[in-house]
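The values are calculated or read from the model by the stated rules, or taken from the named source; none is laboratory data. On a predicted model such as this, the values are computed, not experimentally measured, just so you know. Virtual Cβ from ideal backbone geometry, glycine too; neighbours counted across all protein chains shown.
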């Protein structure tokens, strides 16, 4: 088997190029080295494509790692394949590695029936859009997440997986409930005030009646 080497050189036009050299030794009948054959190939474009792909993957990884919302991949049986730090913090696990050991169906979903219903939706439409689900942290604290994502088929015939995006909307839902309660109390207050005002008017009208 020949030896493969890569090295950069400058073309006469001033551009840098990458050359791949494969050197093979040809031996005589006695097994002694007799000739050296070197095959050179210009792989500049291939190296540029590889470097561009590496930069793109690194950029995408940085985007996922720094995303404010949870991003994950999981099998349809509930096994996490990949999770980002935002999901780990959202669910209250000490590390990404610890979360990867958890099962989506049982430790994460507050009700396993909701997980089954999510899988049924995925089986029908292959995607989810802004579905609100109840999850829980390891200490049992419930959280409400708004989840979107889609099912991914694996080309080589292997098991598919779900790519999900989760936003913690627990605080938002709590504030909305508090706002609705305040609006109800305000409406009750206005109603009570109106009734009291009408009663006072009636009393005033009654006290003004003259008896002859």
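Screening 138, 142 for residues that are more than 23 Å from residue 65 (Cα to Cα), surrounded by fewer than 16 Cβ atoms within 10 Å (Cβ to Cβ) and at pLDDT 90 or above leaves exactly one candidate, 142.
Are any of the residues in the stretch 80-88 surrounded by 11 or more Cβ atoms within 10 Å (Cβ to Cβ), at pLDDT below 85, in a helix (DSSP H, G or I) and touching a strand residue (DSSP E or B) at 6+ places or on another chain (Cβ under 6 Å)? Spell out the reasoning first.
Just the residues of the stretch 80-88 that are surrounded by 11 or more Cβ atoms within 10 Å (Cβ to Cβ), to begin with: 80-88.
From what is left, the residues that are at pLDDT below 85 are none.
Within the stretch 80-88, none of the residues are surrounded by 11 or more Cβ atoms within 10 Å (Cβ to Cβ), at pLDDT below 85, in a helix (DSSP H, G or I) and touching a strand residue (DSSP E or B) at 6+ places or on another chain (Cβ under 6 Å).
Of the residues 99, 91, the single one that is in contact with a helix residue (DSSP H, G or I) (Cβ under 7 Å, 6 or more places away or on another chain), without any contact (Cβ under 8 Å) to a residue 24 or more places away in the chain and surrounded by 11 or more Cβ atoms within 10 Å (Cβ to Cβ) is 99.
Taking the criterion of being over 17 Å from the mean Cα position of the chain (by Cα) and either closer than 15 Å to residue 78 by Cα or outside any loop (DSSP other than H, G, I, E, B) (or both), the residues of the stretch 137-170 that qualify are 142, 159, 170. Looking at 76, 1, just one residue is at pLDDT below 90, touching a helix residue (DSSP H, G or I) at 6+ places or on another chain (Cβ under 7 Å) and either farther than 19 Å from residue 163 by Cα or in the same structural domain as residue 161 (by TED's automatic domain parsing) (or both), and that residue is 76.
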